[in-house]
1. How far apart, in nm, are the 7 Å Cα→Cβ label points at D378 and R283?
2. Could you compute the net charge surrounding K436? Neighbours are other residues with a C-beta less than 13 Å from the C-beta of K436; K and R count +1, D and E count -1.
3. For Y468, which sequence-distant residues (separation of 5 or more, or a different chain) have an amide H within less than 5 Å of its own amide H, given hydrogens modelled in the peptide plane?
4. If each of E67 and R475 carries a label point 7 Å out from its Cα toward its Cβ, how far apart are those two points in nm?
5. Which links in K383/K454; K181/K253; K385/K432; K383/K443 stretch past 31 Å when you go from one Cα to the other?
6. Report, ordered by chain and residue number, the aspartates and glutamates lying within cross-link reach of K133, taken as a straight Cα distance under 17 Å and ignoring same-chain residues fewer than 8 apart.
7. Scan around I234 for amide H atoms under 5 Å from its own, H built in the peptide plane at 1.01 Å from N, and keep only partners 5 or more places away or cross-chain.
8. So how much slack lies between E122 and N109, counting 0.36 nm per residue of separation and subtracting their Cα-Cα distance, in nm?
Amino acid sequence: MSIDTSNFGANNSSPLSLSKSATTTCASLLRELQEIWDEIGENDNERDNMLLQLEQECLDIYRRKVERSRKYKAELHQSLAEYEAEIAQVASALGERVSLPRYEKMKGNLKEQISIISPTVEDLRRKKQERVKEISEIEFQVAQICAEIAGSDQITDIHGIRVDELDLTTKKLGELKSHLKELHFEKKLRLQKVSSHISDIHELSAVMSLDFENIMGEIHPSFVDSVAGQSKSISNETLARLTSEMNSLIQEKQQRLLKVQHLGRTLLELWSLMDMPIEEQTRFHHVTRLIGSTAGEVLIPGSLSVDVIEQTEVEVERLNVLKVSKLKELIFKRQSELEEIYKGVHMDVDSDNARQILLSFMESAGSTDLSDLLSSMDDHIVKAKEQALSRKDILDKVEKWRHASEEESWLDEYERDENRYSAGRGVHKNLKRAEKARALVSKIPSLVENLTAKVKAWELEKGMPFLYNKAPLLRTLEEFSISRQEKEEEKRRSREQRKLQDQLATEQEALFGSKPSVKKPLGQSTHANTMVATPNSRRVGTPSSRFGISGGKDRRDSGKVATVIPINYVALPKDDRGG
């Protein structure tokens, strides 16, 4: 109970001083009243009655004031008692011991006693409120987890939790926390089990190309459309549905695997009978590789889908129909394979004529002759592969030579570029490429010499010229060597001409006393907008042009020589003081 004491004890004036003041005021008012009565002409009886009435009214005021003071005192006593009772009750609920002062031995008045005990009451109230809040939050979490385990869709409201305020001890709090911890552990185990089942079902659905979301939605909506803040269902019923669905999918997977394995073995038999090429077999390699697999080993998505089974069944039916007619197609495929082998090693073959001969033969031949022809073509393919293997080393060296020649053409263009050291994007990349190109170009003579020796040895062993794209490779190498010597001679003449022009510029400087403006350091542009252009690779006199490789821009006129005097040349007057 709270009592307002603001109207009591606010004036510290002593009762004596109040009495003197009141007496003086009353005497003044009485004299004024006597004067008024005299002027009015009131008699003595009327005056006595009026004075008695005034005295009675003053006594009534004093009595009412005393009665209110007594009542307020009783209220203070009651508040003090209620505070003591509240302290005892809250301390008991919290399980704490609170020592209170002996008020009867204190000399303080009631207000002082209440002011002393009030902080204790407020502190206990705060502790009680905090403890109630903490217990209610724990009980709310306990209720939520229990509802999830029970499979209840009703979400408990924290405001609906009723806490027993008579038992707020730390012991009860500890028991609730321990219970909540156990429930969290149980929830964690269930979530792990749910996640494991979902993962297994997803894997099985992927292997068989089933609608995973539809399956999970039928088990429980929370697995598909989870509300924000709502976790997946972990109820006993949900776990049972997940287990049942997983077992059902495992059985379905095993049945499909047996069917695919049977179809795969049938395909192998047909391929062996018809001698199907690897390219044709590869289309159904995803089926045949499952023949020796167990259900647990099949994990590739879609490998046991209905589409795969249907496509395999259609292929088996098709092959059964084409057992005989397939031989002609096999012969043409063997011919294509033979042509690809020759093409891969740059050997010339008359494909049109060969195909025409095969077509004429197949129109008049029987099935036995076609089988013999197929076997004969296999022998040709084996020989062609052996011949291609014998050319491989030379072809690898040809590729190295072509690459080195292309880099040499690029380097020539790069070195003729007067702005190659100017600042701009890509300068450092071109510098690095030029450094590597120079190292590679220096190896060209040895590459050509080694390649020529290899080709001569091969021709001597095989007794035939080594053709590369219908042209003798030795002749191509000789033409390249001659062309390269001509370019070297051209470069030498260009250097001599540039040297003469440099000497001429030096003589002009000595005669006229002028000098070119100072060149900027490497890496700085002579114009703000100067950009470095990467030279285009040349194709004149290179193996690329010889072998039909498309080139870039034509070579610039080799006879042109850059002007010796720089563009930013300025004739400066002599300094007469300089000597």
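1. Here the answer is 2.2 nm between the modelled labels.
2. Here the count lands on +1.
3. Amide H to amide H, under 5 Å and 5 or more residues apart or across chains, Y468 pairs with L473.
4. Distance between the two pseudo-spin positions: 14.5 nm.
5. Pairs exceeding the cut-off: K181/K253; K385/K432; K383/K443.
6. E122, D123, D157, D164, E165, D167, E175
7. none
8. Full-extension gain reported as 2.6 nm.
The values are calculated or read from the model by the stated rules, or taken from the named source; none is laboratory data. These numbers come from a predicted model, not from an experiment. Cβ atoms come from the backbone with ideal geometry, glycine included; neighbour counts cover every protein chain shown. All accessible areas refer to the heavy atoms of the entire protein, side chains included, with ligands and DNA or RNA removed. Shrake-Rupley method; radii C 1.70, N 1.55, O 1.52, S 1.80 Å.
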